[in-house]
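Before any comments, here is the structure.
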Amino acid sequence: MRLLPLVLALCLTAPVAFAAGKTTRIADADVAVAEQLRDRALKDDTAWDFTEGLTTEVGPRLAGGPNDLKGREWVIAKFKALGFDKVWSEPVTYPAWVRRSEHAEIVAPFPQPLSVLALGHSPGTPAGGITAEIVAFPSFDALKAADPASLRGKIAYVGARMVARQDGKDYGIGSTVRVAGPSLASQKGAVAFLLRSAGTDHERLPHTGITHFEDGVTPIPAAALSVPDAEQLERALSRGKPVTVKLALDCGMDGEYTGANVIAELRGSKKPDEYFVMGGHLDSWDPGTGAIDDAAGIGITVGAAKLIAELPQRPARSIRVVAFANEESGLYGGKAYAAAHAKDIAKAVLGSESDAGADRIYKMTASVKPEARDAIARIAAVLKPLGIDYDANQPGQGGSDLSAVHAVGMAGLSLHQDATRYFAWHHTANDTLDKIDPEQLRQNVAAYVAVAYLAAQADGDFGSKPGAFAKDKDE
Ligand SMILES: [Zn+2]
């Protein structure tokens, strides 16, 4: 059964194309449709309406919290109302964590309250809190180099700084301190951990986020100070006397929770089992309403899919929008999706997730097979009038929730959003709808709709197969 189609294919295909592998092509007619979709997106408010609705009617969506199910039900109803052909859920199980209250204050030498938020997965303090002397470090490396004797029984504080940048790369500095700092401090004998928030603002609002304790390490209470409070603590320390802080956290792990990835699909007209996948994550941190992180990501990709749904005919391949579960505490939704679909990863022809806010996209990168590079360049040409440059020298893994799917072999395309403003509000009470600029949001939809349509129509694949991109470096 397998020989006959091969012989036929050999007769119909130029030998040179076989020697080099099949080149993926994008037809002129498809480019024309993609350009129309792109221009239509610049006048369409589906993404805004979705983001406004989810953040108003559901609000904060802490994974495993009271709004987890409410958020899923809201998204399922919205997907159905928007006319997707198929809507379903796939279970995702993870440890739940609860925040009840937090309090911090300088006890001596200058008593005063500090603005603080517990980190996700932090244990609580004993009732009455922990009162201990601060030992301060300017960076994660300085904490790493510290003599454990200096930390025993103390509260470790790391004051690493972030600068606002278009590519948001300083988040690597702040998130390393937040994720790995508490575990390292605990190993060196500290009784609690504070950091200068992983943020670029000077608002008195701390940035929460996940921390992670290595196996065998005793979890210690860990919290973020707002940037002004971190600087206040540093000024108190600069007076040269011991500074004592009291930290009282009521929070902690709360058993196992099973949520779900919610998936909506437009069924392809010719190859329905193959699909382009996009989306964002449905969970958010709890202080804000998760507008930029990441209601907007789902809104942008839903807005793109809805414009394609309005075409007289479905594209050749299917188009999926995934509202991923629990990205924030460890990519649980993305990992579950990768585990569920690894065996047929070649069907996921290309993927791109939106998870860096709602400001304009300025750059596109892709990780695809060499024979699909020309097709990617054609897609890039459609995005060029939106002010998006194509960087052919960098990988594009497709975004945080798709990183696990990419790691098992899905070709990825990344649409990089301008992150200059993002890390001022990220994971704070300031992550609210008013931070979204409707015009920049529409530019995002315009880029996604063109990419989704052309990927679904392309003649040939982008290189998705088991293990195809195992050598990709981090973006
Ligand atoms: Zn996010």
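Miscellaneous remarks
- Each Lys and Arg Cβ is given +1 and each Asp and Glu Cβ -1; about its Cα centre, the chain then shows a dipole of about 800 debye.
- Estimated at 0.36 nm per residue, the fully extended path between Ala381 and Glu310 surpasses their Cα-Cα distance by 23.2 nm.
- Virtual spin-label span in nm between Arg100 and Thr23, 7 Å along Cα→Cβ: 6.6
- Each of Gly396, Ala429, His406 was placed along the dipole of the range 389-442 (beta-carbon charges, centred on the mean Cα), and the one lying farthest toward the positive end is His406.
- Helical runs (DSSP H, four residues minimum) scored at -39500 (n - 2.57) apiece and divided by the length of the chain put the mean residue ellipticity at 222 nm at -10000 deg cm²/dmol.
- Accessible surface of the chain, 1.4 Å probe, proportion on carbon and sulfur as whole %: 54
- For the range 414-475, the list of trypsin sites (Lys or Arg not before Pro) that fall in a loop by DSSP and count at most 16 other C-beta atoms within 10 angstrom reads Lys471, Lys473.
- Length-normalised contact order for the chain - Cα pairs under 8 Å, 6+ apart - percent: 23
- Residue-wise HN-Hα couplings along the range 385-399, as the Karplus relation 6.51 cos²θ - 1.76 cosθ + 1.60 with θ = phi - 60° gives them from phi, are x, 7, x, 9, 9, 9, 9, 6, 9, 10, x, x, 7, x, x Hz; Gly and Pro carry x.
- Karplus-derived HN-Hα couplings along the range 228-241 (A = 6.51, B = -1.76, C = 1.60, θ = phi - 60°), whole Hz, x at Gly and Pro: x, 6, 5, 5, 5, 4, 5, 5, 4, 5, 5, 6, x, 9
- Stokes-Einstein diffusion of the range 340-441 at 20 °C, 1.002 mPa s viscosity, Kirkwood radius from Cα pairs, rounded to a whole number: 145 µm²/s.
- Radius ratio Rg over Rh of the chain, counting only Cα atoms, Kirkwood formula for Rh: 1.03
- DSSP-loop GluC sites (Glu not before Pro) across the range 184-278, with at most 15 other Cβ within 10 angstrom: Glu214
- Note, ³J(HN,Hα) from phi for the range 331-339, Karplus 6.51, -1.76, 1.60, rounded to Hz, x at Gly and Pro: 6, 4, x, x, 5, 5, 5, 4, 5
- Of the trypsin sites (Lys or Arg not before Pro) in the range 190-238, those whose Cβ has at most 16 other Cβ within 10 Å and which sit in DSSP loop: Arg204
- Axis angle, to the nearest 10 degrees, between helix 296-309 and the longest C-alpha principal axis of the chain: 10 degrees.
- Among the lysines of the range 60-215, pairs at least eight places apart or on separate chains and with Cα atoms under 16 Å apart come to 6.
- Contact order relative to length of the range 360-412, as percent, for alpha carbon pairs under 8 angstrom and 6 or more apart: 47
The values are calculated or read from the model by the stated rules, or taken from the named source; none is laboratory data. Given the structure is predicted, the values throughout are model-derived calculations rather than measurements. Every residue, glycine as well, gets a Cβ built from its backbone with ideal geometry; the counts of neighbours run over all protein chains shown. Accessible surface is based on the protein model in full, side chains and every heavy atom, while ligands, DNA and RNA are left aside. Shrake-Rupley method; radii C 1.70, N 1.55, O 1.52, S 1.80 Å.
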